[in-house]
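**Student:** Quick one: the structure is below, questions incoming.
The values are calculated or read from the model by the stated rules, or taken from the named source; none is laboratory data. Values in this document were obtained by computation on a predicted structure and should not be read as measured data. Counting neighbours? That spans all protein chains shown, and the Cβs are built from the backbone with ideal geometry, glycine included.
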């Protein structure tokens, strides 16, 4: 363990390795003590949050980063869901909190407004063979391929948002892939404005909103179930999320 051949004893390579392992064990003991206290106080070891496909990630992750720094013994399980998938995870008990849009008339929810997201119809420059005018109609788009995001709903049918029936389409698993499909002139589609603002400003993408083809605005909320008994850490996270607005 020690080399005593010199004036002072110094650890050998084996001694240094043993010391490093001891430090690791002692750190793990401290972590175990912290977890024990965490459990004794009835604090959750895991919280699941379902984030919808139209929810802007940077402000959400900024809040979650601050939370994880203060509650290191609680594991965050982030679920990324499309369309009503986030709502389904909540009702199934697989998510404690969702950050998505909801039916605000549904009394099962306890919710707070988080932000508003504009959804705009866009095409890549040169994709359409017809002029983009305010009088453009959905019927004018029927020969063009549309890009849609697949719902992650598993047990019930999903609503068809902005989908033209009996037209060619490409389905994808997330909004970022959808954006690239549109940029590559493979399809047109409706996109969250925060994802395509730069491309609209540069002219790579063009809005086809007009008299007949409309944009819409989604109210993104932080929601949980009214009837569920929430744990102490979930309450702290709930307060942090609901006190923020963007």
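**Student:** Considering only the stretch 96-119, state which residues are in a loop (DSSP other than H, G, I, E, B), within 10 Å of residue 225 (Cα to Cα) and touching a helix residue (DSSP H, G or I) at 6+ places or on another chain (Cβ under 9 Å).
**Tutor:** 96, 108
**Student:** Moving to a separate point now. Out of curiosity, is residue 110 surrounded by fewer than 18 Cβ atoms within 10 Å (Cβ to Cβ) and within 21 Å of the chain's Cα centre (by Cα)? Full working, then the answer.
**Tutor:** Values: surrounded by fewer than 18 Cβ atoms within 10 Å (Cβ to Cβ): yes; within 21 Å of the chain's Cα centre (by Cα): yes.
Yes, satisfied.
**Student:** Might you check whether a residue that is in contact with a strand residue (DSSP E or B) (Cβ under 7 Å, 6 or more places away or on another chain) and farther than 26 Å from residue 201 by Cβ occurs anywhere in the stretch 58-71?
**Tutor:** yes
**Student:** Still on this structure, please answer the following. Being modelled with pLDDT of 95 or more, within 23 Å of residue 55 (Cα to Cα) and in a strand (DSSP E or B) is the requirement here; does residue 220 meet it?
**Tutor:** yes
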